[in-house]
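Student: One structure, pasted below without further comment.
The values are calculated or read from the model by the stated rules, or taken from the named source; none is laboratory data. Quick caveat: nothing in here was measured; it's all calculated off a predicted structure. Quick reminder, even Gly has a Cβ in these numbers, built from the backbone with ideal geometry, and neighbours come from all protein chains shown. Surface areas here come from the heavy atoms of the whole protein model, side chains and all, with no ligands, DNA or RNA. Shrake-Rupley method; radii C 1.70, N 1.55, O 1.52, S 1.80 Å.
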Amino acid sequence: CWGNYAGPHHKDMEARLIWPELLRLQARYISIEGANPRHAQDWEYFAKHVAARFIELDKVIMPGVLDTRSPLVEHPELVAQRLVQYMQVLGPARVVASTDCG
């Protein structure tokens, strides 16, 4: 979680920079932001560079599919698309829906 504040997220650290550290955690479930526009594309890096190791380590991802800071309500199809992006890479058993800042 990059902090659930109302300002712009232009100084958030790139998710790709913290994946090596996240993979070292003993935690099986890892919650990440995914609905925030600053991090909505992070799944592509994850799919190409992290997913295989994620599976080897028997981890489960909890992508944020709802932006709790936004006054807008995401369409159910958008929520489904966000989940499917990860399910196509990891399989449905390794994906649990979450909110940004879990």
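Student: Which residues, taken from region 13-35, are among the small types (Gly, Ala, Ser), closer than 17 Å to VAL84 by Cα and in a loop (DSSP other than H, G, I, E, B)?
Tutor: GLY34, ALA35
Student: I would also like to ask the following. Looking only at residues in region 8-56 that are in contact with a helix residue (DSSP H, G or I) (Cβ under 9 Å, 6 or more places away or on another chain) and acidic (Asp, Glu), which one is most open to solvent (accessible area, probe 1.4 Å)?
Tutor: Residue satisfying both the conditions and the ranking: GLU44.
Student: Quickly run through region 54-88 and pick out the residues that are in contact with a Lys or Arg (Cβ under 9 Å, 6 or more places away or on another chain) and in a helix (DSSP H, G or I).
Tutor: Answer for region 54-88, where residues must be in contact with a Lys or Arg (Cβ under 9 Å, 6 or more places away or on another chain) and in a helix (DSSP H, G or I): PHE54, ILE55, TYR86, MET87.
Student: Can you tell me which residues in region 54-73 are touching a residue at least 60 places away in the same chain (Cβ under 8 Å) and either within 12 Å of LEU90 (Cα to Cα) or β-branched (Val, Ile, Thr) (or both)?
Tutor: Scanning region 54-73 gives a single hit, THR68.
Student: With the requirement that a residue be without any contact (Cβ under 8 Å) to a residue 12 or more places away in the chain and either of a type in the set (Asp, Glu) or assigned to a helix (DSSP H, G or I) (or both), what does region 36-53 give you?
Tutor: Correct list: GLU44, LYS48, ALA52.
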